[in-house]
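Trainee: Pasting a structure below so you can have a look.
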Amino acid sequence: MQETIQALTIAGHDCDGSAGMPADLHAFFVDGVYGHGILTAAVAGNSYDITAQQVMPADFIAEQFHQLARDFDIRAAKTGMLANDAVIDVVADHYREEDFGPLVVDPVIITKHGAMLLEQSAYERFRERIIPLATVITPNFFEAQKLAEMTINNRADQLEAAKKLQALGAKNVVVKGAHHREQQDNVVDLVLLEDGSHFWLTKPFVATTRLNGTGDTFSAIIAAELAKGNGVYEAVSRAKDAVHAAIANPLDAGHRFGPINHWAAQKELK
């Protein structure tokens, strides 16, 4: 029987399938990795808005960790929405206990439009307990500014922010470039590696409202690549290429803020 490479997402569920755990599992699948999921929360919503949410009890999250660990050979994992203090604590405690391989942390603390998603106490707990577990951390532009406690205006600032995130305990850091401005030609991401070297990833800016699941998919593909045994450089580079393809070939699903196209990402990953 052929070996099945397995990865894990620890995230919330978006019922419209565009983001959160659904996007992560789509990403694992198109990158040829079998995906498991630990559910932390669930939201009711569509392409217009989110109208309700439910956070999973900490003991239920802990039981999901326990049951997966006793059966499956999980080679890498990623986090998504960790909704509050209790969720952050149970995830941090159990990830330290289980051998689930390298961890990719998608912060999910500020939206791509700049709105805060966590209460202040949970934000502080996230900095203290989750970031030090990160093999790779992948904040968006606004999250990087918040976590590094600085304003990012240029490439030098991106590098400085990445170094500050390493000082918080993350081994490798991706500081994504801004993509909220009305007029820009490219989106430029910085990758700072554990050994202190860094490189830049540049793709053309795509003006579209079909962006749901971008950060989830990016971090999930990095986790999938790490599960395969690839290094951080290759993992992040392949994730950047795949996500750009997914954005540049939008799907006609939903009426306002729609999903990215994982089928286009799959073609890029082959």
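The values are calculated or read from the model by the stated rules, or taken from the named source; none is laboratory data. Small disclaimer: the values here were computed from a predicted structure and weren't measured. Neighbour counts run over all protein chains shown; Cβ positions are idealised from the backbone, glycine included. Quick note on the areas: whole protein, heavy atoms, side chains included, nothing else; ligands and nucleic acids left out. Shrake-Rupley method; radii C 1.70, N 1.55, O 1.52, S 1.80 Å.
Trainee: Just need a number here: residues in the range 222-238 that are of a type outside the set (Phe, Trp, Tyr) and either open to solvent by 50 Å² or more (accessible area, probe 1.4 Å) or out of contact with any strand residue (DSSP E or B) (no Cβ under 9 Å at 6 or more places or on another chain) (or both).
Mentor: Residues that pass the stated criteria total 6.
Trainee: Cβ-Cβ under 8 Å, sequence separation 6+ or interchain: first residue in the range 100-129 and under 28 Å from residue 6 (Cα atoms), partner at pLDDT below 90 and not in a loop (DSSP other than H, G, I, E, B). Which pairs?
Mentor: As it stands, the answer is 109/116, since those pairs meet every condition given.
Trainee: Spot the failing condition for residue 128; the list is (1) farther than 20 Å from residue 149 by Cβ; (2) assigned to a helix (DSSP H, G or I), and only one is missed.
Mentor: Single failed check for residue 128: (1).
Trainee: Follow-up. When you go through 152, 110, 137 one by one, which is the residue that is within 16 Å of residue 81 (Cβ to Cβ), of a type in the set (A, V, I, L, M, F, W, C) and surrounded by fewer than 23 Cβ atoms within 10 Å (Cβ to Cβ)?
Mentor: 110
Trainee: Considering every residue within the range 143-150, establish whether at least one is in contact with a strand residue (DSSP E or B) (Cβ under 7 Å, 6 or more places away or on another chain) and closer than 17 Å to residue 218 by Cα.
Mentor: yes
Trainee: Related question: Being open to solvent by less than 70 Å² (accessible area, probe 1.4 Å), more than 19 Å from residue 236 (Cα to Cα) and under 15 Å from the mean Cα position of the chain (by Cα): is that true of residue 100 here?
Mentor: No, not satisfied.
Trainee: Go through the range 59-108 and report how many residues are part of a loop (DSSP other than H, G, I, E, B), at pLDDT below 95 and out of contact with any strand residue (DSSP E or B) (no Cβ under 7 Å at 6 or more places or on another chain).
Mentor: Number satisfying all stated conditions: 3.
Trainee: Right, next: From the list 165, 190, pick out the single residue that is open to solvent by less than 30 Å² (accessible area, probe 1.4 Å) and assigned to a strand (DSSP E or B).
Mentor: Checking each option against the conditions leaves just 190.
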